[in-house]
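Asker: Have a look at this one before I ask anything.
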């Protein structure tokens, strides 16, 4: 069981309060009709599933109901931090660059 | 009769409080403070059970959580608990217990006969023997089931309650022995919020047994009491006895179960309090002080009742005032067992001590033992124990000083009890539950926890291999002091002073040799509970099981409720020898929760029945009860299923309800439909993106059916949404999909389109909804409402109006899930029942008929309306459902799922599509879920064409109808297909799925 900090409520709370909401920062193609089936299929179905650090979305379903970003290690379950989606995105993009 | 009571200074029983109890229908006497095991031993009861595989007689071996044999059934009826360890059951007045094994009886066991032919039951016996023929397995199984297993699960509901408690603390100390008590003292003095738990009724750990040590000049128990008094005085410290920490999870979440009332007679338990409490503890720092457990040595017939661990013999003597025998042989390879031998000898027991070491223990110990009158045999080991249902003697052999070999015969002793000690095994379980690995310590001959522990987990005392009290306390003090310094807490003073004593090194021996090749001599048991002998481990290795995990699974070593607490290290060592590898390289099997068995009751806690899965009732529920509704559970809702009149079954009631609705007027409680209030300047744009159909032109006062797709283009929910104002919509969802859809809207809004100004509020519980359905529904509404014009042209199909119904503010939507003229009245849920009754009164003159979900299903199927989740399964696109009319491919924004509808697979041929089916025999109602075949050819595998999704008898049509998904169904109207179920093939014709009023005249009436 994880302990997750909601960046909106500013509190570390038990995992029971949250709901996993998938990998973070998956870009929806801006004009879906212009991408081919393979690219669209990749967006709909394929996920990173890394062994290591992973950017993911959690929703504070039993709290403020906000979706936010969490950077979590899939082996050690260590959580590096949690951010609003906007704040996290800047960090995420910095990492990807 | 071999055990007996003997007065011991400092014993933990209260002789002023005698108790009586019953075991296997015989009444015995005991004292308050006894365990069931100590009381049985005091009464000379040795035979407690029969072994798992061979039915061999078995008795008590240990004195705590490590006990492998003495599994008992406690109490009877609803209070019965199977497979408790007699060593852990605290005795109370009137306790009722029995053995769990022995067929037909404990004294005469059929398997016991089988056991005589033990050589024919190698590991893997069941796999090897009962493989063929496959059809005979049920026959074998019947007998195996009868012969195998231990206790019996209760068949009645548990009358006791359980609860859960969460802790968020600084420090959790696991284990209330000397190390744990000192760690808790230091943490407590530093002002940290500290919790100390221990599985036993009394704190003190090994100090409860060992009486010679002095700590800071005090006797062990005086020092324990001083610690407990100090801890009790600290408001930041809690101490929980009878509390077993059984699992350690990520981020220092420790689960512990506290036995609050198990030690009380059933009649004295407080029904207002839980029997057990599950503690879920989050601690910044966990300090493991779980100590060590003495393991036995492995030798021939070491399972005869009367063979125990030395620590058990020692504990029964000093804690419970029970001498386990009159003539006792103690077999050891280390110094510690001398302590047990000494206390027994000083208590008047005739003691012989055999030491596998040529040099024996430190000189002072040997002298003390001799002074007490005990006989000492150095360089000796037990070849085999004599006796059948009780020890009668032992045959010893002389051991080689270095090699694990026999160099000569030894004496044949006449004794009634054998105690053995193979050294201590650190209780590393919790440390290893979430990935920690123990290290092999060749000096201490145990897998131990590393001194440095892990992040936020410290290990102190015997768990690190420090067997001597002085070492354990020094290491505890140093470790905890360093931790506190790290937390910015200052000086911690000095470690408790304990005089150190000279100790001779133990001998690295696990299996005592008998001079014969393994498998040829007397059976030497490693794991008692699973009847795994040393020879079985050799067999497993010979059959090429090389990994210790595989050896474990093949032999069942460490499988039982004792989880190998006594057997694991012996088993690993024997496997290492057979493999020709060092023990460190063989390693351990994986330690998993839980450390000891935990009741389902404690795990479930208060989350049972309706507090586990909440039941939701609509505002009209009392009305439905009064009309004798039969209910079904939909999602968490309890919905009326049908309203039977006296003598009616489901079919009769549904036929009546359907006809009444189609011919006059029916009424249904539709309150459970999910409702979401969508509001904001961009609400309309949001709906355009989330629904497949278009919302741009929906004017206030109008309703529209919406289809919601996932990004894969498949239907995930549907419902009617009403436009209340240009920026305000009343959305409805399926009953089961409400929460999912709400979350779906939020996530898309927050993650993809945060720029859209729109808010969602779940209003499912806020509105009560009464659906008035049928040709006379307008007349009913007109009677109840004066401020809404119900004229057919003023209030059209798919219009919505706000007004006053039966004096209440209401939203009325003219929508229909039946194809009839119909209105849904939404009012504040607090008035739901009132509205329902007002509708019933107003409709009385039209014989208004309440109906439930079953009639709703039939009415909608007659119209071919789908139910998401029944006629769809997550692989149906709108096109597959012939609902392309609800897909706005020209909408400017690429709505969810749109692109997927163009994917080659989604747009391709050969997909299953929704059709109607008419069985050729109109009396036959097809089975829902039945497979559809193109012909009656029954070759295997058949080419499956689809399946039936909904199927009913339609009273209105006077025949059966069905909906189905069929490969390329949209092009197969008129075909005859064969519906296969229950071994029969039924012909049916493929038709349009709209069976009633294809033109929609009725709903527009």
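Asker: If we scan region B:403-414, do we find a residue that is at negative phi and buried (at least 23 other Cβ atoms within 10 Å of the Cβ)?
Answerer: Among the residues of region B:403-414, not one is at negative phi and buried (at least 23 other Cβ atoms within 10 Å of the Cβ), which makes the answer no.
Asker: Being on the phi > 0 side of the Ramachandran plot and within 14 Å of chain A (Cβ to nearest Cβ), is that true of even one residue in region B:710-719?
Answerer: There is at least one residue in region B:710-719 that is on the phi > 0 side of the Ramachandran plot and within 14 Å of chain A (Cβ to nearest Cβ).
Asker: Does region B:963-980 hold any residues that are at negative phi and without any contact (Cβ under 8 Å) to a residue 60 or more places away in the chain, and which are they?
Answerer: Listed by number, the residues that qualify are B:964, B:966, B:967, B:969, B:971, B:972, B:973, B:975, B:976, B:978, B:980.
Asker: Pick out, from region B:278-387, the helices (runs of 4 or more DSSP H) lying fully within it that include 2 or more residues that are closer than 30 Å to residue B:55 by Cα, touching a strand residue (DSSP E or B) at 6+ places or on another chain (Cβ under 8 Å) and modelled with pLDDT of 95 or more.
Answerer: Counting at least 2 such residues, we get B:310-320.
Each row is one residue, and each column tells you yes or no for (1) modelled with pLDDT of 95 or more; (2) surrounded by 21 or more Cβ atoms within 10 Å (Cβ to Cβ); (3) touching a helix residue (DSSP H, G or I) at 6+ places or on another chain (Cβ under 9 Å); (4) in the same structural domain as residue B:71 (by TED's automatic domain parsing).
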{"position": "B:450", "(1), (2), (3), (4)": "yes, no, yes, no"}
{"position": "B:462", "(1), (2), (3), (4)": "yes, yes, yes, no"}
{"position": "B:466", "(1), (2), (3), (4)": "yes, yes, yes, no"}
{"position": "B:480", "(1), (2), (3), (4)": "yes, yes, yes, no"}
{"position": "B:497", "(1), (2), (3), (4)": "yes, no, yes, no"}
{"position": "B:512", "(1), (2), (3), (4)": "yes, yes, no, no"}
{"position": "B:545", "(1), (2), (3), (4)": "no, yes, yes, no"}
{"position": "B:558", "(1), (2), (3), (4)": "no, yes, yes, no"}
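Asker: OK, next. Against the condition touching a helix residue (DSSP H, G or I) at 6+ places or on another chain (Cβ under 9 Å) and either closer than 29 Å to residue B:85 by Cα or not assigned by TED's automatic domain parsing to the domain that holds residue B:280 (or both), how does residue B:213 come out, does it pass?
Answerer: Spelling it out, it is not the case that residue B:213 is touching a helix residue (DSSP H, G or I) at 6+ places or on another chain (Cβ under 9 Å) and either closer than 29 Å to residue B:85 by Cα or not assigned by TED's automatic domain parsing to the domain that holds residue B:280 (or both).
Asker: Moving on to the next point. Within region B:852-861, can one find any residue that is free of Cβ contacts under 8 Å to residues at least 12 places away in the same chain and either under 30 Å from residue B:685 (Cβ atoms) or in contact with a strand residue (DSSP E or B) (Cβ under 8 Å, 6 or more places away or on another chain) (or both)?
Answerer: So far as region B:852-861 goes, no, none of its residues is free of Cβ contacts under 8 Å to residues at least 12 places away in the same chain and either under 30 Å from residue B:685 (Cβ atoms) or in contact with a strand residue (DSSP E or B) (Cβ under 8 Å, 6 or more places away or on another chain) (or both).
Asker: Then there is this: Can you find a residue in region B:100-110 that is touching a residue at least 24 places away in the same chain (Cβ under 8 Å), part of a loop (DSSP other than H, G, I, E, B) and under 20 Å from residue B:263 (Cα atoms)?
Answerer: There is no residue in region B:100-110 that is touching a residue at least 24 places away in the same chain (Cβ under 8 Å), part of a loop (DSSP other than H, G, I, E, B) and under 20 Å from residue B:263 (Cα atoms).
Asker: Name the residues in region B:886-927 that are touching a residue at least 60 places away in the same chain (Cβ under 8 Å) and within 21 Å of residue B:990 (Cβ to Cβ), would you?
Answerer: Residues satisfying the conditions are B:914, B:915, B:916, B:917, B:918, B:919, B:920, B:921, B:924, B:926.
Asker: In addition: Condition (residue is surrounded by 24 or more Cβ atoms within 10 Å (Cβ to Cβ), in contact with a helix residue (DSSP H, G or I) (Cβ under 6 Å, 6 or more places away or on another chain) and not in a loop (DSSP other than H, G, I, E, B)) applied to region B:225-241: is it met by at least one residue?
Answerer: The answer is yes; a qualifying residue exists.
Asker: Could you grab the pairs with beta carbons closer than 6 Å, sequence gap of 6+ or different chains, first residue in region B:570-597 and free of Cβ contacts under 8 Å to residues at least 24 places away in the same chain, second one surrounded by 19 or more Cβ atoms within 10 Å (Cβ to Cβ) and not in a loop (DSSP other than H, G, I, E, B)?
Answerer: B:576/B:583; B:576/B:586
Asker: I would also like to ask the following. Can you confirm whether region B:568-580 contains a residue that is surrounded by fewer than 19 Cβ atoms within 10 Å (Cβ to Cβ) and out of contact with any helix residue (DSSP H, G or I) (no Cβ under 8 Å at 6 or more places or on another chain)?
Answerer: yes
Asker: Follow-up. Is it true that some residue in region B:884-904 is farther than 29 Å from residue B:735 by Cβ, within 14 Å of another protein chain (Cβ to nearest Cβ), touching a helix residue (DSSP H, G or I) at 6+ places or on another chain (Cβ under 9 Å) and not in a loop (DSSP other than H, G, I, E, B)?
Answerer: So far as region B:884-904 goes, yes, one or more of its residues are farther than 29 Å from residue B:735 by Cβ, within 14 Å of another protein chain (Cβ to nearest Cβ), touching a helix residue (DSSP H, G or I) at 6+ places or on another chain (Cβ under 9 Å) and not in a loop (DSSP other than H, G, I, E, B).
Asker: Could you go through region B:693-701 and let me know if any residue there is under 17 Å from residue B:897 (Cβ atoms) and not in a loop (DSSP other than H, G, I, E, B).
Answerer: no
Asker: May I pose another question? Look at residue B:942 and say whether it is assigned to a loop (DSSP other than H, G, I, E, B) and either more than 14 Å from chain A (Cβ to nearest Cβ) or at pLDDT 95 or above (or both).
Answerer: Criteria met by residue B:942.
Asker: Is there any pair linking a residue in region B:405-420 that is assigned by TED's automatic domain parsing to the domain that holds residue B:354 and closer than 18 Å to residue B:304 by Cβ to one that is surrounded by 19 or more Cβ atoms within 10 Å (Cβ to Cβ) and modelled with pLDDT under 95, with Cβ under 9 Å and at least six apart or on different chains, and which?
Answerer: Listed pairs, sorted by first residue: B:416/B:2; B:417/B:2; B:417/B:3.
Asker: Suppose we filter B:330, B:324, B:307 for residues that are outside the structural domain of residue B:431 (by TED's automatic domain parsing), surrounded by 24 or more Cβ atoms within 10 Å (Cβ to Cβ), more than 18 Å from residue B:512 (Cβ to Cβ) and touching a residue at least 12 places away in the same chain (Cβ under 8 Å); which single one remains?
Answerer: The unique qualifying residue is B:324.
Asker: Take residue B:207 and decide whether it is part of a helix (DSSP H, G or I) and within 14 Å of chain A (Cβ to nearest Cβ). First the steps, then the outcome.
Answerer: Numbers: part of a helix (DSSP H, G or I): yes; within 14 Å of chain A (Cβ to nearest Cβ): no.
Judged against the criteria, residue B:207 is not a match.
Asker: Would you mind stating whether residue B:746 is within 14 Å of chain A (Cβ to nearest Cβ) and either farther than 24 Å from residue B:867 by Cβ or more than 36 Å from the chain's Cα centre (by Cα) (or both)?
Answerer: Details: within 14 Å of chain A (Cβ to nearest Cβ): yes; either farther than 24 Å from residue B:867 by Cβ or more than 36 Å from the chain's Cα centre (by Cα) (or both): yes.
Considered against the rule, which asks whether it is within 14 Å of chain A (Cβ to nearest Cβ) and either farther than 24 Å from residue B:867 by Cβ or more than 36 Å from the chain's Cα centre (by Cα) (or both), residue B:746 comes out as yes.
Asker: Out of all the residues in region B:422-432, is one or more out of contact with any helix residue (DSSP H, G or I) (no Cβ under 9 Å at 6 or more places or on another chain) and part of a loop (DSSP other than H, G, I, E, B)?
Answerer: No, region B:422-432 has no match at all.
The values are calculated or read from the model by the stated rules, or taken from the named source; none is laboratory data. Just so you know, these numbers come straight off a predicted model, no measurement behind them. Positions of Cβ are backbone-derived with ideal geometry, glycine not excepted, and every protein chain shown enters the neighbour counts.
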